[in-house]
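*Asks:* Below is one structure. I have some questions about it.
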Amino acid sequence: MLHRVFFVCLFLALCSAASSLSCNWMDHKFRQFSKNSLDLIDTMANNSTSTTGGAEEDDTVTFPSDLYSQARASAEDKLGFTVQVLEEVVRLFEADHSSASWQESTVENFLNIVTRQAEGLRSCIGAHIHTKKNKKLHMYFKRLSHHVLENKGHSAEAWELTRKEIKTHLLRTDQLVSSLLTTN
């Protein structure tokens, strides 16, 4: 009897360790939410009546690319990093975007999708794991907000530069999380 209990416990421990981040939301909803957020950010570009002709590419803030390679350490790190990127994106897009020619409903839908994406991924990490915020990542988004948006008066050109940057990050975080998805 004691051996059976031991083997059942061992089996459960091995199963839970092997599938520690295999959660239904990530396996069934992540791709849908990621596709929706990318479609919406593309829609914002299509609705844009301004050009970035007056905006220089030098106006963008350089992303510390080493952060993506650091985020590849463990599955929890990947998800924690992605959640932080999504939360920073939401904070950024909550700023004054009235100069951008985006439809308000599109921006609201985008923010709702990205927020739900972050919440879904956070639920996959689990409450028992505390993910530490990455200061370099936070500072990047703060610089993006200040140097691109605020210094340019939240202009349509500044928002278009920001939108392009964010699309790149959404694509990269999609790849990061997709590497964790189970294949059926």
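Every number in this text was worked out from the coordinates using simple rules, so none of it is lab data. Model, not experiment: these values are computed from the prediction. Because the Cβ atoms are built from the backbone with ideal geometry, glycine has one as well, and the counts that use them run over all protein chains shown.
*Asks:* From the backbone phi of the stretch 91-97, what are the Karplus-calculated ³J(HN,Hα) couplings (6.51 cos²θ - 1.76 cosθ + 1.60, θ = phi - 60°) in whole Hz, Gly and Pro given as x?
*Replies:* 4, 5, 7, 7, 6, 5, 10
*Asks:* So if R0 is 30 Å, what FRET efficiency would R143 and D27 give, r being the distance between their Cβ atoms, rounded to the nearest 0.05?
*Replies:* Working: r = 35 Å, r/R0 = 1.17.
Result of the calculation: an efficiency of 0.30.
*Asks:* Also, I was wondering about something else. Please state the relative contact order of the stretch 23-178 as a whole percent: Cα pairs under 8 Å, 6+ residues apart?
*Replies:* Values: 153 pairs, mean separation 65.6, N = 156.
Averaging sequence separation for qualifying contacts and normalising by length gives 42 percent for the stretch 23-178.
*Asks:* Calculate the spin-label point distance for K35 paired with D96, positioning each point 7 Å from the Cα along the beta-carbon direction, and give it in nanometres.
*Replies:* 3.8 nm
*Asks:* When Lys and Arg each count +1 and Asp and Glu each count -1, what net charge do the other residues less than 9 Å away from G80, Cβ to Cβ, add up to? Show your work: numbers first, answer last.
*Replies:* Details: positive: K78, R122, K132, K133; negative: E76, D77.
So the surrounding residues net to +2.
*Asks:* Okay, next question. Give me the one-decimal nm value for the distance between modelled label points at S69 and L181, 7 Å along each residue's Cα-to-Cβ direction.
*Replies:* Taking the simple label geometry, S69 and L181 are separated by 2.7 nm.
*Asks:* Explain nothing, just the number: dipole magnitude of the stretch 105-169 about its Cα centre with +1 on each Lys and Arg Cβ and -1 on each Asp and Glu Cβ, in debye rounded to the nearest 20. Intermediate values should be presented prior to the final figure.
*Replies:* Working: 12 positive and 6 negative charges, 83 e Å.
Roughly 400 debye, rounded to the nearest 20.
*Asks:* Right, here's the next one. For the stretch 23-178, build the charge dipole from Cβ charges (+1 Lys, Arg; -1 Asp, Glu) around the Cα centre, then report which of T106, L67, W25 sits farthest towards its positive end.
*Replies:* Ranked along the dipole, the leading option is W25.
*Asks:* From Cα coordinates alone, what are the radius of gyration and Dmax values for the stretch 23-178 in angstrom?
*Replies:* Expressed in Å, the Cα Rg and Dmax of the stretch 23-178 come to 15.4, 49.
*Asks:* Additional query: Hand me the GluC sites (Glu not before Pro) from the stretch 91-163 located in a DSSP loop with no more than 16 other Cβ atoms within 10 Å, in residue order please.
*Replies:* Values: sites: E94, E104, E108, E119, E150, E157, E160; in loops: E94.
The qualifying sites are E94.
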